Amino acid sequence: MNFKYREDINREADRETGQQFVRFLQATKGDGATINGITLKPKDVLMWMSGSTEIPAVGFHKQIDIEFGGEERVNTCALCVTLKHLTPAVEDPVLYLQSV
């Protein structure tokens, strides 16, 4: 993944959100992250980001870009995920990001 942090006043918030996203990804390893009876595993997250549950034999055409903005968006063709900043009120990023 290629994290694209902005070079302005949002940089620190971008980094914090990026770190929480990595925490979310790590929580899906092994048995997965289960919240409200739904279990997410790495293949589910990959499907959400790329449209595929597996990495193609020849790999993707590029690394998945993680960008930051005012709303969450996923472009599976361009392999680009845009995350909205987590607010300080978000206590559990795994729970929050699973709902995205």
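Values for this structure:
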{"read-out": "Residue, modelled with the lowest pLDDT, within the stretch 75-100, restricted to residues that are farther than 16 Å from Val22 by Cα and surrounded by fewer than 16 Cβ atoms within 10 Å (Cβ to Cβ)", "value": "Ala89"}
{"read-out": "Residues satisfying the stated conditions in the stretch 10-37, i.e. β-branched (Val, Ile, Thr) and over 13 Å from the mean Cα position of the chain (by Cα)", "value": "Thr34, Ile35"}
{"read-out": "Residue under evaluation Gln63, criteria (1) outside any loop (DSSP other than H, G, I, E, B); (2) touching a residue at least 60 places away in the same chain (Cβ under 8 Å), criterion not met", "value": "(1)"}
{"read-out": "Some residue of the stretch 2-12 being of a type in the set (Asp, Glu) and in contact (Cβ under 8 Å) with a residue 24 or more places away in the chain", "value": "no"}
{"read-out": "Positions within the stretch 1-18 being polar (S, T, N, Q) and crowded, with 16+ Cβ neighbours inside 10 Å, in sequence order", "value": "Thr17"}
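Each row is one residue, and each column tells you yes or no for (1) farther than 20 Å from Leu83 by Cα; (2) of a type outside the set (D, E, K, R); (3) touching a Ser or Thr at 6+ places or on another chain (Cβ under 9 Å); (4) in a loop (DSSP other than H, G, I, E, B).
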position: Glu7; (1), (2), (3), (4): no, no, no, yes
position: Glu12; (1), (2), (3), (4): no, no, no, no
position: Val22; (1), (2), (3), (4): no, yes, no, no
position: Leu25; (1), (2), (3), (4): no, yes, no, no
position: Trp48; (1), (2), (3), (4): no, yes, yes, no
position: Glu54; (1), (2), (3), (4): yes, no, no, yes
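The values are calculated or read from the model by the stated rules, or taken from the named source; none is laboratory data. All of these numbers come straight from a predicted model, not from anything done at the bench. Please note: Cβ atoms are built from the backbone with ideal geometry, for glycine as well, and neighbour counts cover all protein chains shown.
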